[in-house]
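A quick write-up on the structure given underneath.
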Amino acid sequence: MTSCHAAEEPIKKVAIFGGTHGNELTGVFLVKHWLENGAEIQRTGLEVKPLITNPRAVKKCTRYIDCDLNRVFDLENLGKKMSEDLPYEVRRAQEINLLFGPKNSEDSYDIIFDLHNTTSNMGCTLILEDSRNNFLIQMFHYIKTSLAPLPCYVYLIEHPSLKYATTRSIAKYPVGKEFPPCAIEVYKIMEKVDYPRNESGEIAAIIHPNLQDQDWKPLHPGDPVFLTLDGKTVPLGGDCTVYPVFVNEAAYYEKKEAFAKTTKVTLNAKSIRSSLH
């Protein structure tokens, strides 16, 4: 016999973002399609709103105008006084926060799906920021199951400032539908690795051919990671196997990230029941 936690208020408002980075076109194309014909994303009991998040960057097909929009949704930037002197993306983040928040308020949207692309060989990837949220783990499990046999990886970046939520009910499913306890395999970030650099701070090595396009594959101590410009191999240090992600992501050169090391972790979620209130 399976027990369910008492549900909070049901999920009622969902947003779908595309174009947070203006040159990542999958989300742009989908959101534009849904803005013209949103019937396929509507569900009984839900308000679903698609949005082009960075229209100026989309128009120029560039990642951003002044700064990375995906890095300025923090409370410091959101709390700055609105001014034309602020970077465009900071002002846009404030506008989006007012439309879909304010953050942590009762009127904020329950879920936001932010659609992205990567130049890395990561396939279909879900990014999770809360390892203790039963609803999110259940949702990710449902998505992974629905996409099978296509692999769908989960990248866990624990966000220390999040207020962890308890079970939420799911408005799109028939009343009383129960989702039993489940488990998902995730790849939890350990650290981000920069390229080897010379005394001037310039990149002095490239991703080794053996590592290129090997996202999610086990990388063992001693395996080649970088190849210097004079032909020397730089191996992986440490004493444990890791799983690299975002290998040679083009947008991360400016962030000094060659790849990220992850470790496999299993997350468990308790059963939840959907309801319409």
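The values are calculated or read from the model by the stated rules, or taken from the named source; none is laboratory data. Keep in mind that this is a model prediction, so the values were computed, not measured. Note: ideal-geometry Cβ built from the backbone for every residue, glycine included; neighbour counts use all protein chains shown. Ligands, DNA and RNA are stripped out before the accessible areas are found, and what is left, the full protein with its side chains, is counted by its heavy atoms. Shrake-Rupley method; radii C 1.70, N 1.55, O 1.52, S 1.80 Å.
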Options (i) 21.7; (ii) 20.9; (iii) 20.1 for Kirkwood radius over Cα pairs in Å; the value derived from the coordinates is listed as (ii)
In this structure, among LYS188/LYS232; LYS177/LYS270; LYS144/LYS192; LYS144/LYS270, pairs with alpha-carbon gaps over 19 Å are LYS188/LYS232; LYS144/LYS192
Relative contact order as a percentage, the stretch 10-147, C-alpha pairs under 8 Å and 6+ apart, gives 30
per DSSP, antiparallel bridges as share of beta bridges in the chain, % nearest 5, sits at 60
For the chain, longest principal axis from Cα atoms; helix 134-147 axis from its Cα atoms; angle between them, nearest 10 degrees, is 70
Cross-link reach from LYS59 to aspartates and glutamates, straight Cα distance under 16 Å and at least 8 residues apart if same chain, gives GLU24, ASP68, GLU89
For the chain, dividing by residue count, accessible area per residue (probe 1.4 Å) in Å² works out to 55
Dividing the mean separation of Cα pairs under 8 Å (6+ apart) by the residue count of the chain yields a relative contact order in percent of 22
Residues whose built amide H sits under 5 Å from the amide H of ALA204, excluding neighbours closer than 5 in sequence, are ARG197, ASN198
Of every hundred units of 1.4 Å-probe accessible area on the stretch 202-265, the number belonging to carbon and sulfur atoms, as a percent, is 52
The helix 88-100 Cα axis meets the longest alpha-carbon principal axis of the chain at an angle in degrees, between 0 and 90 and rounded to 10, of 20
The long-range amide H neighbours of LEU126, using H built 1.01 Å from N in the peptide plane and a cut-off of under 5 Å, are TYR153, VAL154, TYR155
Answer in debye to the nearest 20: the dipole magnitude of the chain about its Cα centre, from +1 Lys/Arg and -1 Asp/Glu charges placed on Cβ, is 700
